[in-house]
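Visitor: I have a structure I would like to understand better, so I am pasting it below and will then ask my questions one at a time.
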Amino acid sequence: MERGEIHTGRGGLVEHGIPEQADELWTEDGHEHVGWFCVSTDPFPCPAPGCLFVAEFMTAAHLVLVWEEQDDPNLLRHAQRAKEVGRNPHIVSYEVDFGPSASYYAWEAAGRPVHGVRGK
């Protein structure tokens, strides 16, 4: 698949491919985000065809999206959207045990990639 191709999936649009400038987004392990905030949800599958990943948090590229402030307008907007689609969202304090994380704003700066597997 070419970078930037868009295909529909169960969750809406899914953008495949990871922009080259997103390299540092994929290296965060979460320790620097402990105490930040994320949106916990009922489990939902990755909408990409053939992907077996099941998320329990609002994610991008299989990373837990985190915000530094609990009342960040973008966090609240994403939580509201999760509520609208029946995912039972709750804003919680991020812990490393939730999995690798990415700052919402780093994710936006990287071009908002939504599907990919973190490199090892």
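A short reminder: the numbers here are calculations on the coordinates, not readings from a lab. Computed from a predicted structure; not experimentally measured. Virtual Cβ from ideal backbone geometry, glycine too; neighbours counted across all protein chains shown.
Visitor: Out of Ala102, Ala60, Ala48, Ala55, I need the residue that is without any contact (Cβ under 8 Å) to a residue 24 or more places away in the chain, surrounded by 13 or more Cβ atoms within 10 Å (Cβ to Cβ) and within 14 Å of the chain's Cα centre (by Cα). Which one?
Guide: Matching residue, one of Ala102, Ala60, Ala48, Ala55: Ala55.
Visitor: Let me ask something else. In the range 105-116, which residues are under 23 Å from Pro45 (Cβ atoms) and either without any contact (Cβ under 8 Å) to a residue 60 or more places away in the chain or under 10 Å from the mean Cα position of the chain (by Cα) (or both)?
Guide: Within the range 105-116, Trp107, Arg112, Pro113, Val114, His115 meet the criteria.
Visitor: Another one. Which of the residues spanning the range 66-83 are touching a strand residue (DSSP E or B) at 6+ places or on another chain (Cβ under 6 Å) and among the aliphatic types (A, V, I, L, M)?
Guide: Matches in the range 66-83: Val66, Leu75, Ala79, Ala82.
Visitor: On to the next question. Could you please give the count of residues in the range 63-99 that are of a type in the set (Lys, Arg) and either more than 21 Å from Pro45 (Cβ to Cβ) or touching a residue at least 24 places away in the same chain (Cβ under 8 Å) (or both)?
Guide: Within the range 63-99, residues that are of a type in the set (Lys, Arg) and either more than 21 Å from Pro45 (Cβ to Cβ) or touching a residue at least 24 places away in the same chain (Cβ under 8 Å) (or both) number 2.
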